[in-house]
Amino acid sequence: MSELSVNHLLGIKYLNEKDIELIFKTADHFKEVINRPIKKVPSLRDITIANLFFENSTRTRLSFELAEKRLSADVVNFSAASSSVKKGETLIDTVNNILSMKVDMVVMRHPNPGAGIFLSRHVNASIVNAGDGAHEHPTQALLDSYSIRERLGEVRGKKVVIVGDILHSRVALSNIFALKLQGAEVKVCGPKTLIPKHIESLGVGVETNLKKAIEWCDVANMLRVQNERMDISYFPSTREYAQQFQLNKSLLESLDKEIVVMHPGPINRGVEITSQVADAENAIILDQVQNGVAVRMAVIYLLASKINR
Ligand code: CP
């Protein structure tokens, strides 16, 4: 198979295992490209991409922009905070105005779950979901699995625990879909109040004891508590959260094996993870960021090859 089964990347839910294999094979090629002295290829010289960010971002926004520029696409950036959205313009009007300037692809981060799906039904462009509320963050999950594959050889059969605020996390949901699709075993771990009811129906285990979860896993993906999505308290205090769910050196040293430590960022050092652990050799946090560019190049390249112009 040399093309994706989808015309948009709205969520991992819509991909199959072959799609993920194709994205990773293509990313392998682009990873080699971005490590050359000349990091650019002319593949998308005739493509224009708009990056629409209605929510804050550092890694994803910069990573998409770099990926697009490395592929020689023309790039326009839009930030809701400084746009006419503030004057009451709707999402569809905003995007259609941008598309009338002959834009082929839209990369969008939005606080509302399903915003990308909605847009894909109303506008004539390829849509890439760069995070929609607490729903999905598909490119994050792809770069996470790609980084596990790079460090451990393959994803199939690996035991991955996702720790923290699962309830509000688009990273958790996309990772669960991606890891299960590739044959990994997945558990989630966190306070009961931050684990969605019925999450087992996605084929994942639940563990509320961090030590047991860490003893079980090959990979721990540590998540931030997403205070910006909370309107009530889900645990007594940050100090008590850290006492129970922080990954620290003494916990790692109590193991009779080495595990891979991941974090999608942004990190709250001293809460879900200590600096000592985040900066250690078995933490692949910056590898994840580096791989994000190659993986996003692959996604954009493969979607662009499906655009009818
Ligand atoms: N991982 C991630 O989505 O980070 P940003 O919010 O900085 O894009």
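The values are calculated or read from the model by the stated rules, or taken from the named source; none is laboratory data. All values derive from a computational prediction rather than experimental measurement. Quick reminder, even Gly has a Cβ in these numbers, built from the backbone with ideal geometry, and neighbours come from all protein chains shown. Each accessible area value is taken on the protein alone, full model and side chains, heavy atoms only, with ligands, DNA and RNA left out. Shrake-Rupley method; radii C 1.70, N 1.55, O 1.52, S 1.80 Å.
Brief remarks follow.
- The residue among Met108, Gly292, Val163 whose Cα reaches farthest toward the positive pole of the charge dipole of the chain, with charges on the beta-carbon of Lys, Arg, Asp and Glu, is Met108.
- Net charge dipole, the chain: roughly 420 debye, given to the nearest 20, about the Cα centre with Cβ charges of +1 for Lys and Arg and -1 for Asp and Glu.
- For the chain, the longest principal axis of the C-alpha atoms and the axis of helix 17-34 are separated by about 80°.
- Using only side-chain charges placed at the Cβ, +1 for Lys and Arg and -1 for Asp and Glu, the dipole size of region 138-285 relative to its Cα centre rounds to 260 debye.
- In the chain, the longest principal axis of the Cα atoms and the axis of helix 59-70 are about 40 degrees apart.
- Computed lengthening from Asn112 to Glu21, 0.36 nm per intervening residue step minus Cα-Cα distance: 29.8 nm
- Net charge dipole size for region 23-112 [Lys, Arg +1 and Asp, Glu -1 on Cβ; Debye, nearest 20]: 360
- For Lys158, nonlocal amide neighbours, meaning residues 5 or more places apart or on other chains whose placed amide H falls under 5 Å from its own, are Glu185.
- From phi via Karplus (6.51, -1.76, 1.60), per-residue ³J(HN,Hα) for region 74-91 in Hz, x at Gly/Pro: 7, 10, 10, 10, 10, 10, 4, 4, 10, 10, 6, 4, 5, 9, x, 5, 7, 4
- Computed E for Lys180/Ser305 - FRET, C-beta separation, R0 35 angstrom, nearest 0.05: 0.80
- Proximal lysines relative to Lys187, as straight alpha-carbon distance under 16 Å, when same-chain residues fewer than 8 apart are discounted: Lys158, Lys159, Lys197, Lys211, Lys212
- Evaluated over the chain, the Cα radius of gyration and Dmax, each in Å: 19.3, 59
- In Hz, Karplus ³J(HN,Hα) per residue of region 186-191 (6.51, -1.76, 1.60; θ = phi - 60°; x = Gly, Pro): 10, 10, 10, 9, x, x
- Extended-chain gain in nm, criterion 0.36 nm per residue less alpha-carbon gap, Ile34 and Gln244: 71.6 nm
- Given their separation in residues at 0.36 nm each and the Cα-Cα distance between them, Met101 and Asp279 gain 59.7 nm when the chain is fully extended.
- Accessible heavy-atom area order of Val206, Val261, highest first, probe of 1.4 Å: Val206, Val261
- Considering only Val260, Ala81, Ala134, and ranking their Cα positions along the charge dipole of the chain that arises from unit charges at the beta-carbon of Lys, Arg, Asp and Glu, the one farthest toward the positive end is Ala81.
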